[in-house]
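Taken together, the values in this text are just the output of simple stated rules run on the coordinates, not laboratory data. None of the values given here were measured: they were computed from a predicted structure. Cβ sites come from the backbone with ideal geometry, for glycine too, and all protein chains shown count toward neighbours.
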Amino acid sequence: MKVLIGILVFLLFTVNANQACRVRGKIYEDGDTWIERNFEFECIESIDGSWRTKITACLAPGGFRISVGTEFIEAGMKYTCTKEPGGRVKFAYNPV
């Protein structure tokens, strides 16, 4: 009986451990967001049960949040956050 309980606990832990995004030792659940460098990431659970991370925005100096696919102009600077054809997100800013 102790072996069966141990196996059951192991299986429950294993299933729960795979139901999240693991990034640099931290665990994020579906819909959680976090910031790394100049990007905001989101943890997403796919329909098939797999998990992935997605860049949802770029962060400009001063903390301005710029959604992917948009641009922002302030104080003579143009900030852009674009998704390139290969899926890579690029953040750039230049004088207007």
List 50, 67 from most exposed to least, where exposure is judged by having the fewest other Cβ atoms within 10 Å.
50, 67
Report the extension gain between residue 75 and residue 39 in nm, rounded to one decimal, defined as 0.36 nm multiplied by the number of residues separating them, less their alpha carbon distance.
10.8 nm
Which value in Å does the Kirkwood hydrodynamic radius of segment 12-96 take, with 1/r averaged over all unlike C-alpha pairs and then inverted?
14.3
14 Å Cα-Cα reach of residue 83 towards aspartates and glutamates, excluding residues that sit fewer than 8 places from it in its own chain:
40, 71
